[in-house]
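The values are calculated or read from the model by the stated rules, or taken from the named source; none is laboratory data. No experiment lies behind these values; they were computed from the predicted model shown. Cβ placement follows ideal geometry from the backbone for every residue including glycine, while neighbour counts extend to all protein chains displayed.
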Amino acid sequence: MSGKHEKKKVLPELEGAENDVVMRFAPNPSGPLHIGHARAAALNDAYVKQYGGRYILRIEDTDPKRVDPEAYQTVQEDIRWLGLGITEVVTQSDRLPIYYDLCKQLIENGGAYVCTCDNEVFKELKADKTACPCRGNPVEKNLELWQKMLDHTFKEGEASVRIKTDLSHPDPAMRDFPAFRILDAPPHPKVKAHVYPLMNFSVVADDHLLGVTHVIRGKDHIANTRRQKYIYDHFGWQQPVYRHYGRMGIEGVVLSTSQMRAGIKEGLYSGWDDIRLGTMRALARRGILPEAVKNAMIAIGIGDVDISFSWDNLYAENKKLVDPTANRYFFVPDPVEAKIEGAEPHTAHALLHPSDEARGKRTLEFTGTVLIPKAELVPGTAMLRLKDLFNVKIAWNGDTPSFSYGGDSLAEARAAKARIIQWLPAQATMPCTLLTQEGEVKGACEPAVKGEAGKVIQFERVGFVKVDAVSPDGVVAYWTHK
RNA sequence: GCUGCUAUAGUGUAGUCCGGCCAAUCAUGUCGGCCUUUCACGCCGACGACUGGGGUUCGAAUCCCCAUAGCAGCACCA
């Protein structure tokens, strides 16, 4: 159908990925997925599809402060919408015993120790490249302290497990970073616990245990990759291959989960799918297809340079998908009635899709009066053509137009350079509100639009819209793009 | 500040590893034209970039150095 022979964008080869790969998407269940997540989700997905293998969804919920119980559900829904090829789901809070066991092993082989220093004191020692007193404790002592962490002898902040790294490492962030901590509150919504692994530990444990071969993630994790190397080395495990992509600046929508949540609570936003937000559900509501999101993310690729996300490029991807399928209808924004003198009743037949006649036609009965967009009535305009109907002559008495039948000839309309405009029979219309990120446009559309609920259609000469809600007293549609 | 990474048109991207085939790819965007009973789609064309300065070399977008800019990390978050 499309005449474009555009090459499918191919991602660069992944090092060591000849055979099947195992990759993962690892969101934090703190809210619905947004465009930022979509990049990691789509990139990993594309590679698994390219090489074959497994794609693990791993819910990283080891910080009870950052868990929204509802998000377990919403994240899965968003992933289903995106159409990711997830092959298995793992939730970290289910795996605490596994982490505890590995921690014990790590203490036994000398790779970690329990530190009971005051946090501020440790910070100073670290800045000074000096070992804290706990670092020299024998294994037995560490195991004993570890047991005390688990059995509630220690309270929050009184003890933590640290990975032995290089205290003289030039980057202080590398020096004996923490692996487990105690949290007395808040309670975890899914599991009873008070000793939690920190991300760097649980990620290493899971990536290794699940057999993850390649990791694509943002460059904010570069330091974590270096930290995690120490754990891999302590265990004698092999680290996966990493690719860290750059920061993606996204303008025009709200992405911060806390900001979104607060806005919804205050009534500023209607919900997680408010079209001013950058969530997957907001995009869905606006008529953006999941394939378009994935394609746009793959086009961006895995470069480590910081980029700015382009809505234009996303819309272009979406239009490629939506244009061949969207039925066409008339929507008249800001309508005015025009009684057309001298015109016999007509029945207009308009194609549902201009390049697919098989799809059929809609019929519009002209009986004398039509609705046309006010914006078309520029004083001085002598002729307009009502699309699929006939020409209309306009006589101006000052700023007041009067309309009369101007013949059926399209050629005449062309010769007169008359604009071909959308219209509606005044006796058969449906109120329609078009919502855009800037505000709402009131108008009227063809009654047949009510059969398109939930679909993306095109309002001719206006743009693509998603039919959001249909009720006896009207249609609400969301603006998608031109 | 410290540690590290990066720099191609308005935007995204290919080329950079292994210097010549790059007077730099593709997409998007903008503008113009054609087509068209939509200001859509399609087609044609135009516009538009190797951050700056040195160096190496017969030859540099590609290698080296310096400058500048941006970013990441420097949490008992992920």
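Candidates in the range A:426-446 are the residues that are among the hydroxyl-bearing types (Ser, Thr, Tyr) and closer than 20 Å to A:Asp274 by Cα; of these, the one that is surrounded by the fewest Cβ atoms within 10 Å (Cβ to Cβ) is A:Thr436. Against the conditions (1) assigned to a helix (DSSP H, G or I); (2) more than 11 Å from RNA strand B (Cβ to nearest atom), A:Arg414 satisfies every one except (2). When the range A:297-313 is limited to residues that are within 20 Å of A:Thr480 (Cβ to Cβ) and either touching a Ser or Thr at 6+ places or on another chain (Cβ under 6 Å) or aliphatic (A, V, I, L, M) (or both), the one that is surrounded by the most Cβ atoms within 10 Å (Cβ to Cβ) turns out to be A:Met297. Within the range A:423-433, being outside any strand (DSSP E or B) and either touching a helix residue (DSSP H, G or I) at 6+ places or on another chain (Cβ under 9 Å) or β-branched (Val, Ile, Thr) (or both) holds for A:Ala428, A:Thr429.
Remark: pairs (first residue in the range A:412-427, without any contact (Cβ under 8 Å) to a residue 24 or more places away in the chain and assigned by TED's automatic domain parsing to the domain that holds A:Phe366; second residue assigned to a loop (DSSP other than H, G, I, E, B) and surrounded by 14 or more Cβ atoms within 10 Å (Cβ to Cβ); Cβ separation under 8 Å; 6+ apart in sequence or on different chains) = A:Glu412/A:Gly406. Entry remark, the range A:395-411: residues being crowded, with 18+ Cβ neighbours inside 10 Å and either within 16 Å of RNA strand B (Cβ to nearest atom) or hydroxyl-bearing (Ser, Thr, Tyr) (or both) number 1 in total.
Of the residues A:Gly111, A:Gly157, A:Gly136, which is more than 30 Å from A:Arg24 (Cα to Cα), in contact with an Asp or Glu (Cβ under 9 Å, 6 or more places away or on another chain) and small (Gly, Ala, Ser)?
Exactly one of A:Gly111, A:Gly157, A:Gly136 is more than 30 Å from A:Arg24 (Cα to Cα), in contact with an Asp or Glu (Cβ under 9 Å, 6 or more places away or on another chain) and small (Gly, Ala, Ser), namely A:Gly157.
The residue that is surrounded by the fewest Cβ atoms within 10 Å (Cβ to Cβ), counting only those in the range A:349-382 that are within 11 Å of RNA strand B (Cβ to nearest atom) and under 23 Å from A:Asp323 (Cα atoms), is A:Ser355.
For the range A:447-476, the tally of residues that are under 15 Å from A:Ile275 (Cα atoms), away from RNA strand B (no atom under 15 Å from the Cβ) and aliphatic (A, V, I, L, M) stands at 3. For the range A:270-292, a residue qualifies if it is in contact (Cβ under 8 Å) with a residue 40 or more places away in the chain, under 16 Å from A:Ser256 (Cβ atoms) and assigned to a loop (DSSP other than H, G, I, E, B), and the qualifying residues are A:Trp272, A:Arg276, A:Gly278. Quick check: is even one residue across the range A:156-168 over 32 Å from the mean Cα position of the chain (by Cα), surrounded by 18 or more Cβ atoms within 10 Å (Cβ to Cβ) and hydroxyl-bearing (Ser, Thr, Tyr)? Yes, there is a match, as at least one residue in the range A:156-168 is over 32 Å from the mean Cα position of the chain (by Cα), surrounded by 18 or more Cβ atoms within 10 Å (Cβ to Cβ) and hydroxyl-bearing (Ser, Thr, Tyr). Of the residues screened, A:Thr381 is not one that is more than 17 Å from A:Pro425 (Cα to Cα) and within 41 Å of the chain's Cα centre (by Cα). Looking only at the range A:57-75, filter to residues that are away from RNA strand B (no atom under 13 Å from the Cβ) and under 22 Å from A:Leu289 (Cα atoms); which one of those is surrounded by the most Cβ atoms within 10 Å (Cβ to Cβ)? Step by step, filter the range A:57-75, then rank; the result is A:Thr74.
Tally up the residues in the range A:205-218 that are surrounded by fewer than 16 Cβ atoms within 10 Å (Cβ to Cβ) and in a helix (DSSP H, G or I), please. Result for the range A:205-218: 1.
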